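Working notes, structure below.
The values are calculated or read from the model by the stated rules, or taken from the named source; none is laboratory data. All values derive from a computational prediction rather than experimental measurement. Neighbour counts are summed over all protein chains in view; Cβ atoms, including those assigned to glycine, are modelled from backbone coordinates with ideal geometry. For accessibility, only protein heavy atoms count, side chains too; no ligands or nucleic acids. Shrake-Rupley method; radii C 1.70, N 1.55, O 1.52, S 1.80 Å.
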Amino acid sequence: MNLDEALQTFIAESEELLQNMEDALLRIEQSPDDVELINAIFRAAHTIKGSAGLFGLNDIVAFTHVAESVLDRVRNGELRIDGKLVAVLLATCDQLVALIAQLSSGAGETGVALLEKNAQIVERLNEYLGIKKSTHVALTEEPDCISEGGGEVETDLWHISLRFGPDVLRNGMDPLSFIRYLATLGDIHHIVTLLDRIPAAREMDAESCYLGFEISFKSDADKSTIEGVFEFVREDCQIRIMPPHSRITDYLKLIGELPEEDMRVGEMLLRCGTLTQSELDAALQMQLGTSRQIGEVLVASQVVQPQIVEAALDKQKQVKEHKSTEANLIRVDADKLDELINLVGELIIAGASTNLFAQRTKDADLLESTETLSRLVEEVRDSALKLRMVQIGGTFNRFQRVVRDVSKELGKDIDLVISGADTELDKTVVEKIGDPLTHLVRNSMDHGIESADVRIANGKPAKGTLKLNAYHDAGSIIIEVSDDGGGLNKQRILKKAIERGLVNEGDVLSDKEIYNLIFEAGFSTADAVSNLSGRGVGMDVVRRNIAALRGTVDLDSVEGESTTVRIRLPLTLAIIDGFLVGVGDAVYVVPLDMVVECVERAAWENAGSEGRYLNLRGEVLPYMRLREHFEVEGEGVRRENVVVVRHGEHKVGLVVDRLLGEFQTVIKPLGKVFNKVSGIGGFTILGSGDVALILDVPGLIGGAVNRDTQHLAAHQ
């Protein structure tokens with residue numbers, strides 16, 4: 001196995017485990033008795049520690065071991081989850097993220113700053129380990145009256161009995177790897193390999209495991225750590241661990257529970273050096289005794305045993321089902337997906353060229369073949385794009401931590417409500433939307449939601465509510481960040497805008513235009529600068545980042561009640577269905593999901609309002625000529641067409657010369673020279689090899705709406 005590849009897999013899996021661990025920690029604060037969450041947190045820490053040990057990452061192993069010990073006490077009911085413990089465990093999770101990030105960067109040994117942070121967090125964790133001595137529950141306690149032969153054995157060795165189940169190999173586990181890992185915790189003094197269960201050669205199953213081991217082991221590790229070595233096979237095998245200086249009665253119980261004959265087990269214990277001959281003789285004599293009290297202990301163990309077995313079988317079934325599900329999933333590098341999308345894009349362009357050639361030759365067989373090819377290319381395109389689609393819930397869930405930390409910093413009680421988490425969009429879009437969302441969430445908490453006393457005075461609940469919602473709409477995804485805070489003060493925003501020269505005094509602005517002023521660079525209505533906001537930076541960056549994703553941001557507010565920021569984004573940034581239109585010799589692409597209908601301009605035009613509008617079945621439709629907007633040379637045609645497009649709640653008509661039909665469009669980014677060109681969102685290559693510009697419909701609609709607003713203001 002390539003160790004570098006294995007290490008990268010460990011890093012990727014650790015990052016995923018730490019994210020799951022953080023999510024569980026944030027949820028467990030509200031449900032401190034949720035056993036599943038406690039086990040999930042423990043498993044994440046234990047898995048990271050075990051995997052780190054395989055790579056010799058001692059700093060991570062040592063640090064995680066302390067956290068694991070605390071979590072083990074939580075699992076055993078010795079510690080109860082509270083806000084303080086969650087804060088320490090979240091700090092532990094953050095530190096592990098930092099340690100993994102350093103490993104990912106290839107920085108080598110752990111830096112001094114990280115080691116100091118390690119020590120600080122370990123000290124906080126040790127406080128929980130020092131509250132009460134760690135008590136590992138032994139097997140059934142013996143009655144006090146059992147004294148003869150019931151003393152401690154003299155050996156200072158651990159004794160481990162392993163009986164691997166037949167399905168261990170089928171489940172992808174190597175029995176010897178667990179013994180090798182055990183050796184990293186101490187010295188294996190002696191090991192006896194059990195071959196009793198191996199059948200005759202003709203009856204053997206190559207995929208079944210028949211091995212068992214009796215191991216004497218010297219280590220300073222505690223029982224929890226040694227048990228943790230076998231965490232992944234606990235459900236598929238029988239494991240019994242005897243601490244040093246255990247009572248003879250404990251070994252008596254061990255001898256009785258193991259499947260081999262008593263004398264056979266006794267011989268193995270002697271060979272391992274765990275028991276002396278005299279101690280073994282005493283144990284066997286006790287087994288033959290008729291003490292009523294011993295009988296009660298054994299009966300009690302027999303009553304419990306079926307319940308334990310039944311629970312173990314249920315758990316084993318769940319684990320196998322989970323492993324079966326995992327077997328259907330594979331981890332794919334994101335760069336490979338990007339390469340696949342690029343190749344599909346080139347395939348679409350090549351297919352368009354072939355289709356054009358077929359139309360020119362008018363060969364029936366070739367036309368039929370290219371139609372089949374086009375259909376298959378479209379299916380390949382859709383399948384490739386689906387591979388990059390991820391649920392936005394992962395991004396939303398990260399804000400649980402943000403809301404928790406920021407609300408405590410602000411001294412506010414705020415609840416985060418998430419909906420639409422299963423809404424899917426392109427992985428590239430998800431990666432780039434995180435920062436704008438972070439600013440909007442923090443801004444809502446700082447500026448939007450009032451303090452508890454103000455809310456109570458206004459007749460609101462003391463706890464504020466912040467909502468994240470996502471849903472699909474007309475080929476786009478809508479992301480909403482809303483709060484039930486005090487809303488925006490229009491007069492205050494307008495006053496600040498006039499002071500900064502953004503608008504002139506006396507200008508007539510709609511409510512939305514006033515609200516959108518907060519997206520101007522440097523604009524802020526905060527009276528004081530805080531750690532979170534007030535410096536006038538951020539909202540303009542939000543709009544700029546969203547615009548870079550070919551998206552738009554809109555804002556609604558009801559003063560004293562709520563504020564909602566609505567982000568509209570394309571589902572993908574790579575390939576779309578387009579609608580080709582021609583103006584003169586130029587060809588443009590309109591995103592097909594924004595096209596409502598196409599009409600002939602002469603049939604619907606209303607000469608009023610200086611030819612700016614169409615009367616479309618009683619609806620006033622503003623329109624703009626692309627020939628004028630892009631200053632296309634040449635004379636227009638007599639029968640112009642209007643492509644009616646919609647974005648959000650606005651509709652506009654685009655006047656063009658020709659309608660050329662649908663076209664699969666591979667979006668290519670514009671160079672830096674053309675980035676500022678209004679109304680253009682990219683370009684694509686046609687089958688003929690010519691370049692067609694992709695229209696930025698939201699930008700064109702925004703320009704048309706602003707033109708109409710100015711026109712109306714001029715006539716008032």
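Counting the residues of region 646-681 that are in a strand (DSSP E or B) and either crowded, with 21+ Cβ neighbours inside 10 Å or in contact (Cβ under 8 Å) with a residue 40 or more places away in the chain (or both) gives 19.
Residues in region 71-97 that are under 27 Å from the mean Cα position of the chain (by Cα) and either acidic (Asp, Glu) or open to solvent by 30 Å² or more (accessible area, probe 1.4 Å) (or both): 8 in all. Comparison of 217, 230 shows that the only residue that is farther than 19 Å from residue 156 by Cβ and out of contact with any Pro (no Cβ under 7 Å at 6 or more places or on another chain) is 230.
When we screen 2, 39 for residues that are at pLDDT 85 or above, among the polar types (S, T, N, Q) and surrounded by fewer than 16 Cβ atoms within 10 Å (Cβ to Cβ), the only hit is 39. Within region 367-397, restricting attention to residues that are in contact with a Leu (Cβ under 9 Å, 6 or more places away or on another chain) and surrounded by fewer than 17 Cβ atoms within 10 Å (Cβ to Cβ), the residue that is farthest from residue 440 (Cα to Cα) is 380.
When residue 486 is tested against (1) part of a loop (DSSP other than H, G, I, E, B); (2) at pLDDT 90 or above; (3) of a type outside the set (A, V, I, L, M), only condition (2) is not met. Among the conditions (1) touching a residue at least 60 places away in the same chain (Cβ under 8 Å); (2) under 14 Å from residue 588 (Cα atoms), residue 632 misses just one, which is (1). One residue stands out in region 172-214 among those that are closer than 26 Å to residue 65 by Cβ and assigned to a loop (DSSP other than H, G, I, E, B): the one that is least open to solvent (accessible area, probe 1.4 Å), namely 186. Go over the candidates 521, 457, 528, 474 one by one and state the one that is within 36 Å of the chain's Cα centre (by Cα) and either at pLDDT 90 or above or at positive phi (or both). The unique qualifying residue is 474.
Restricting to region 443-477, give me the number of residues that are out of contact with any strand residue (DSSP E or B) (no Cβ under 8 Å at 6 or more places or on another chain) and crowded, with 20+ Cβ neighbours inside 10 Å. Qualifying residue count, region 443-477: 2.
In summary, residue 32 fulfils each of the numbered conditions (1) touching a Lys or Arg at 6+ places or on another chain (Cβ under 9 Å); (2) in a helix (DSSP H, G or I) with the single exception of condition (2). Residue 621 - would you say it is without any contact (Cβ under 8 Å) to a residue 40 or more places away in the chain and open to solvent by less than 40 Å² (accessible area, probe 1.4 Å)? Spelling it out, residue 621 is indeed without any contact (Cβ under 8 Å) to a residue 40 or more places away in the chain and open to solvent by less than 40 Å² (accessible area, probe 1.4 Å).
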